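Peer 1: Encoded as structure tokens, here's the structure I'll be asking about.
The values are calculated or read from the model by the stated rules, or taken from the named source; none is laboratory data. Keep in mind the model is a prediction, meaning the values are calculated, not measured. No Cβ is skipped: glycine too gets one built from the backbone with ideal geometry, and neighbour counts run over all protein chains shown. Note: areas computed on protein heavy atoms with side chains; ligands, DNA, RNA excluded. Shrake-Rupley method; radii C 1.70, N 1.55, O 1.52, S 1.80 Å.
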Amino acid sequence: MVSSDTSLKSKLAKLGIHSQRDLVLHLPLRYEDETTLTPIAEAHEGHPVQIEGEVLSCEIAYRPRRQLVVKLRDPTGILFIRFLNFYPSQQKALVEGALVRAFGEVRPGFFGGEMVHPRYRVLRAPEPLPDALTPVYPTTAGLAQQALRKLIDQALANVDLSDTLPEAVRKRLKLSPFEEAVRVLHHPQPDADPQALDERTHPAWQRVKFDELLGQQLSMRAHYRARSREAAAPLSADTLTKRFLESLPFRLTGAQRRAWGEIERDLGRTHPMHRLLQGDVGSGKTVVAALAALRAVESGRQAAVMAPTEILAEQHFRKFSAWLTPLGVEVAWLTGSQRKPERKRIATEIAAGKLPLVVGTHALFQEGVAFRNLAVAIVDEQHRFGVRQRLALREKGTVSDALPHLLMMSATPIPRTLSMSYYADLDVSVIDELPPGRTPVITKLVADTRRDEVIARIRDACAEGRQAYWVCPLIEESEALDLQTAIDTHARLAAELPELSVGLVHGRLPPAEKAAVMDAFVAGKVHVLVATTVIEVGVDVPNASLMVIEHAERFGLAQLHQLRGRIGRGAAASVCIMLYQNPLSEGARRRLKIVFETSDGFRIAHEDLMLRGPGEYLGARQSGVPLLRFADLVRDEALLREARALADELLERAPDAARRHLERWMSGRADLVNA
Ligand code: ADP
Ligand code: MG
């Protein structure tokens, strides 16, 4: 440990520093140039400078707040430095005659030129200027830069800094030695290029970023390889899947066929599949999932299909039943909202192996549900499930000592670099083609002052036999944000459109009522469905050709894209009206501009990643994956590619180097990585 001082320890822990090794990797945020002094007379406003002067006076002033005002003089002029928060010890040190070196931005102030809260030091004797840039570290309250710097320097002297990369590899990739890189970053040489350090293009940064990416890749790829040593039942019967394909009213698209081909090959193997099936909303993932489930059933084993919400799970249940019951496959249904005895009965039959195919919500994860022979587990909208829930499911099949094959589906397109890094432990199939016969959705951005026109449009569309969604942001808990609740909207629309049937679904509705409303909408008996974001995923009503999204400025990019994907599924031209309220924030304006301009899921995903950064973008999954601190997925794509290739190479040929590298980069996080 770094120190026995517990308060220091806890401050360091706040910075993610738990060992000397972590201190070495605690790298500067930026650098400041303290190698020169600027004469006070030449200290221009607006950029940081370093000045040195003698204290002429140091007083507490009240104008209007209590503050410490220090008057400094150098041979060229006078400058004030001002502290709104200060300790008595500071006042004591800044006595008349003291020599002060201060670094900060000069601003026009109450007294003339001034620096507010500059970084400063009282010099006991004249001191030479440093000859190199000064690092500025991320820190936390009560931990001074200088103290941190000292700890880091100690660590640099104590920690083993030898390279984890084999010399030949390092040379091949033209990377600096690790030791040189961290020394340069903590103590740049006088001739170091400040711009390259700042923009993190300096070879020292390149090395550190590469190492970080390699650490991430090694941990993810190690998982991937570990799986190939686990056992799963190989599935290869093809009686029901064949009949199912013949019974469908459509032919699979090329992309669906390719994805199914990849899954089919994986399922035939003796180790568990972990595959992510990605495809934009409406690309037809469900049918591919049904094929995978059927493959388990026709092989005499069980399959489970799980969705994050009751509505979505029920949609799957209906679809699977409609498709598979005619083939003689019984589809069971299990959710948290069922009565306990009913749940218990189903769980018993699952355990006995009597039910070949179960569709449900997270209730399927819960204890008390054990499969006799689970061979395929399918998780829809996987990003909504935590990593741990997913793993809990994996263990459901262990009765027979074989792990199930896992198929995860996501309608959130994942930019390539992201899937190459954060999803490096999975195989990925992409459905990048929509089924034929879709009509592109027209998007309109409309200020909410024009609601009446929008309501008239709904009236017209419904008069032509179409249906409409009206999406409101979350209700109740967001009252403070002045959101218009779905309940109010429903009441108003019902009053304004008396000739139409207006339904309402939201998260607080009892499941049975929710199901009844959804049923009526699917059957065309409800014309307008007012909903919170519960319809965000999965609902499929081709006759709905109009969608109004209220307070569109409050939704995320991916959400808007997903919502819009609910329409444009039938032959009628579809329109998505995004109602927004002025004034728009800069972020909201950008989001709306992007969804207006494109409906390409991958472009939207990319923009979303740029706007939000990977941590937020990944949502639940981030809890199981080490996030990057130094590397940037967009700018450092080339490094990422190299790290990916090298990770596999090291795991294969130099496992010791891989282990040392993981220790350096993943220490203390290994449990998360292994979760
Ligand atoms: P998602 O990928 O969003 O889950 P779905 O699986 O719900 O999409 O499919 C959307 C709709 O397209 C469904 O009505 C489905 O039956 C239909 N569909 C799927 N594949 C095809 C295809 N190859 N040709 C025509 N329609 C298809
Ligand atoms: Mg779906």
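Peer 1: List, in the order given, every pair from 174/209; 354/514; 340/514 whose Cα-Cα distance in the structure shown is over 25 Å.
Peer 2: From the list (174/209; 354/514; 340/514), the Cα-Cα distance tops 25 Å for 354/514.
Peer 1: Express in nm, to one decimal, how much length is gained between residue 86 and residue 427 on full extension, taking 0.36 nm for each residue of separation and deducting their alpha carbon distance.
Peer 2: Values: separation 341, 0.36 × 341 = 122.76 nm, distance 5.64 nm.
Once the chain is fully extended between residue 86 and residue 427, it gains 117.1 nm.
Peer 1: Output the antiparallel fraction of DSSP beta bridges having both residues in the chain, as a percent to the nearest 5.
Peer 2: Working: 33 of 88 bridges.
For the chain, the DSSP antiparallel bridge percentage is about 40.
Peer 1: State whether region 192-326 is rounded, prolate or oblate according to the following rule on the C-alpha gyration tensor (a ≥ b ≥ c being the square roots of its eigenvalues): a/c under 1.5 gives rounded; otherwise a/b larger than b/c gives prolate, and the remaining case gives oblate.
Peer 2: Working: a/c = 3.04, a/b = 2.14, b/c = 1.42.
Verdict is prolate for region 192-326.
Peer 1: So what is the accessible area of region 441-598 per residue, in Å², with the probe set to 1.4 Å?
Peer 2: Result: 42 Å² of accessible area for each residue.
Peer 1: With the crude spin-label approximation of a point 7 Å out along Cα→Cβ, what separation in nm comes out for residue 44 versus residue 158?
Peer 2: It is 4.7 nm.
Peer 1: Taking 0.36 nm per residue of separation and subtracting the Cα-Cα distance, what length does fully extending residue 226 through residue 496 add?
Peer 2: 91.1 nm
Peer 1: Using a probe of 1.4 angstrom, how much of the accessible area of the chain is carbon and sulfur, in percent?
Peer 2: On the way: 15560 of 30310 Å².
Carbon and sulfur: 51 percent of the exposed surface of the chain.
Peer 1: On to the next question. In a shell of Cβ-Cβ distance under 12 Å around residue 180, excluding residue 180 itself, what net charge do Lys and Arg (+1) and Asp and Glu (-1) give?
Peer 2: Once all neighbours under 12 Å are counted, the net charge is +1.
Peer 1: Once phi is turned into ³J(HN,Hα) by the Karplus curve 6.51 cos²θ - 1.76 cosθ + 1.60 with θ = phi - 60°, what whole-Hz value does each residue of region 358-363 show in order, with x for glycine and proline?
Peer 2: Values per residue, Gly and Pro as x: 10, 10, x, 9, 4, 3 Hz.
Peer 1: Shifting gears a bit: Give the relative contact order (percent, whole number) for the chain; include only Cα pairs under 8 Å separated by 6+ residues.
Peer 2: 13
Peer 1: So, one more: So who's got an amide H within less than 5 Å of the one on residue 548, skipping anything under 5 residues away but keeping other chains? H placed 1.01 Å off N, in plane.
Peer 2: Those qualifying (amide H under 5 Å, at least 5 residues apart or on another chain) are 469, 470, 471, 577.
Peer 1: Also: Calculate the length of the line joining the C-alpha centroid of region 484-522 to that of region 7-70, in whole Å.
Peer 2: 58
Peer 1: Next question, about the same structure. How would region 441-598 be classified by its alpha-carbon gyration tensor: rounded, prolate or oblate, with rounded meaning a/c under 1.5 and the a/b versus b/c comparison settling the rest?
Peer 2: On the way: a/c = 1.45, a/b = 1.22, b/c = 1.19.
It is rounded, given that a/c, with a ≥ b ≥ c, falls under 1.5.
Peer 1: While we're here: Between residue 8 and residue 340, how many nm apart are label points set 7 Å from Cα along the C-beta direction?
Peer 2: In this crude spin-label approximation the distance works out to 5.6 nm.
Peer 1: What does the accessible area per residue of region 36-129 come to in Å², with a 1.4 Å probe and no ligands, DNA or RNA counted? Display every interim value, and only then the final one.
Peer 2: Numbers: 5490 Å² over 94 residues.
Accessible surface, normalised per residue, equals 58 Å².
Peer 1: Helix-derived [θ] at 222 nm for the chain: sum -39500 (n - 2.57) over DSSP H runs of at least 4, divide by residue count, nearest 500? Intermediate values should be presented prior to the final figure.
Peer 2: Values: 24 runs with 265 residues, N = 675.
Roughly -12000 deg cm²/dmol at 222 nm, from the helical runs in the chain.
Peer 1: If you project the alpha carbons of the chain onto the principal axes, what extent comes out on each, in Å, largest first?
Peer 2: Principal extents (largest minus smallest coordinate, Cα): 94, 66, 44 Å.
Peer 1: Which whole-number percent is the relative contact order of region 239-431 (Cα, under 8 Å, 6+ apart)?
Peer 2: So the answer I get is 32 percent.
Peer 1: Quick one: Karplus J couplings for region 573-580, per residue in order, coefficients 6.51, -1.76, 1.60, θ = phi - 60°, nearest Hz, x for Gly and Pro?
Peer 2: 5, 10, 10, 10, 9, 9, 7, 10
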